[in-house]
Every structure is written in structure tokens, then in C-alpha cells.
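The values are calculated or read from the model by the stated rules, or taken from the named source; none is laboratory data. In this text, all values refer to a predicted model and were calculated from it rather than measured experimentally. Positions of Cβ are backbone-derived with ideal geometry, glycine not excepted, and every protein chain shown enters the neighbour counts. These area figures cover heavy atoms from the full protein model, side chains too; ligands, DNA and RNA do not enter into them. Shrake-Rupley method; radii C 1.70, N 1.55, O 1.52, S 1.80 Å.
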Amino acid sequence: MRSLNKLWLHYQAKTALFFGRQARARELYQALVQQFPADIHARICLGNLAAKAGDMSHAMAQFEAVVAIRPQDADALFNLGYLHEQLQQYEMAQGYFEQAIAINPNHDRAWYGLGLARIRAGQLQSAIEALKENTRIQPMSPYGWYQLAMTYHHLGESSEAGKILKHLKNFEPKFAAQLERDLREVSPQSSSVAGDGVHRTQVKAKETQPCNSQKDTTSTGARICA
């Protein structure tokens, strides 16, 4: 009977999500974790919904529970990094991103998130190392390349930024055009474009943000893995 109830609650929650009823889905996943505390999938879904609703403390509690049950879950560790970054706790965020990378060295979102957290913490040289890894894993994604070029630019390494601009022109001309404008308009070694150290473009450069699937490791930015 308990197993049937569990399946029914999951079905109801998925149906609620399908019809865009996120508040109802959250209630159902909350009921699931209360009745079945070791239900990792329910906790991940609940954490994702809480994060999207801006309830970072509740989201964090869910992913901490996932890590307690499954310590080698790189996505859950990444999610904790994401949440700490959103709370401007950059040292904690870096720690979780690094733990995720230690488990999965090809976690492109964790490298990207680590790069952004380091930029926000003013650690530009080490941010470059992380962003290089992101572009190695996702060479056709323009977002890591853009952040890498602007970080080089802020360090006064215009030749390296220029190389990235030339590279982007080969496959992302729109992004390359925006980068070229920003390289002209933003003073090298200024604190940041946006006030928090992260460089932004008008073509929607990715920041760390929620994602949709544990299996999706090819996104252009770092996101919560649900």
C-alpha cells in the first residue's frame, strides 16, 4: 500500500508540473519527502521547485539531504554551490563546485559556476582556470568563452581576449559582435560591468541558474540539476 501511495503521489506531482501548477507540485513533493525521507527524486524535485520560487533555505535543505543519502552525487553538490552563490556566499559556493568537480571532472556547469563565483570574489586569475575547463568541455558554447574573454580583458591581457574574439567569430557571430563592443567600451582592470564582477551581454550570457535534468550535461551555463 505504501508503495502504491508513493507512485500515486509522484504521478500527481508530475501531472501538476505538466499543467504548470508548480505550487501544487511542491505540496505533493513535500508530502512525499515527509512520508518517504529517503526518496531522492522527490527531494531533488522539491529542491528545484523551492529554488525557482526563491526559497533558498528550503531548497538547500533538500539538496543537503540528498548529499547525506548519496554523498557522491555531483549534481546535488553543484546545486548547493548554486544556492550559496545566489546568497552571495561565494567561498561556500566555490567549495561545493569544487566537490562536484572532484567527483565529476567533466561537470561543465560546475566549472562555469566556479568561474563565476571566483569572478564575483575578485579572484580573476583562478576564474580563468575554471572557465578554460568549461570551454574545454563545452567548446561550442559561447557563454564560457565570453566570460573568459572579458576576464582576460579586465586583467589587461588584451591579446588573449582578442584570440577568443576571433575564435567566436567562427561560430557565434552575434555573440562575437557583442563581445567586440564590450571589449571596446569596458575599461580594462575596472571592477566589473555589472557591479558584482560578472560580465553581462545583451545577448543573454548565462549566469548560474536552475536546470531541468540530471542527465542533461550539455547546457550552455551552470544550472540547478533537478
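Do we have any residue at all in the stretch 35-47 that's under 25 Å from residue 136 (Cα atoms), touching a residue at least 60 places away in the same chain (Cβ under 8 Å) and either of a type outside the set (D, E, K, R) or touching a Pro at 6+ places or on another chain (Cβ under 7 Å) (or both)? No; the residues of the stretch 35-47 include none that is under 25 Å from residue 136 (Cα atoms), touching a residue at least 60 places away in the same chain (Cβ under 8 Å) and either of a type outside the set (D, E, K, R) or touching a Pro at 6+ places or on another chain (Cβ under 7 Å) (or both).
A quick yes/no check of all residues on (1) closer than 28 Å to residue 72 by Cβ; (2) over 25 Å from the mean Cα position of the chain (by Cα); (3) part of a loop (DSSP other than H, G, I, E, B):
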| position | (1), (2), (3) |
| --- | --- |
| 3 | yes, yes, no |
| 7 | yes, yes, no |
| 14 | yes, no, no |
| 33 | yes, no, no |
| 37 | yes, yes, yes |
| 45 | yes, no, no |
| 49 | yes, no, no |
| 57 | yes, no, no |
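Looking only at residues in the stretch 133-186 that are of a type in the set (S, T, N, Q), in contact (Cβ under 8 Å) with a residue 24 or more places away in the chain and not in a loop (DSSP other than H, G, I, E, B), the one that is most open to solvent (accessible area, probe 1.4 Å) is 158.
Among the residues in the stretch 97-108, are any in contact with a Leu (Cβ under 7 Å, 6 or more places away or on another chain) and surrounded by 24 or more Cβ atoms within 10 Å (Cβ to Cβ)? There is at least one residue in the stretch 97-108 that is in contact with a Leu (Cβ under 7 Å, 6 or more places away or on another chain) and surrounded by 24 or more Cβ atoms within 10 Å (Cβ to Cβ). Would you be able to say whether some residue in the stretch 119-132 is surrounded by fewer than 24 Cβ atoms within 10 Å (Cβ to Cβ), part of a helix (DSSP H, G or I), modelled with pLDDT of 95 or more and in contact with a Lys or Arg (Cβ under 7 Å, 6 or more places away or on another chain)? The answer is yes; a qualifying residue exists.
Restricting attention to the stretch 13-46, the residues being under 19 Å from residue 71 (Cβ atoms), surrounded by 15 or more Cβ atoms within 10 Å (Cβ to Cβ) and of a type in the set (Gly, Ala, Ser) number 1. When the residues of the stretch 67-96 are filtered to those that are farther than 22 Å from residue 42 by Cα and among the polar types (S, T, N, Q), the one that is surrounded by the fewest Cβ atoms within 10 Å (Cβ to Cβ) is 88. Would a scan of the stretch 49-66 turn up a residue that is open to solvent by 50 Å² or more (accessible area, probe 1.4 Å) and in contact with a helix residue (DSSP H, G or I) (Cβ under 6 Å, 6 or more places away or on another chain)? Scanning the stretch 49-66 turns up no residue that is open to solvent by 50 Å² or more (accessible area, probe 1.4 Å) and in contact with a helix residue (DSSP H, G or I) (Cβ under 6 Å, 6 or more places away or on another chain).
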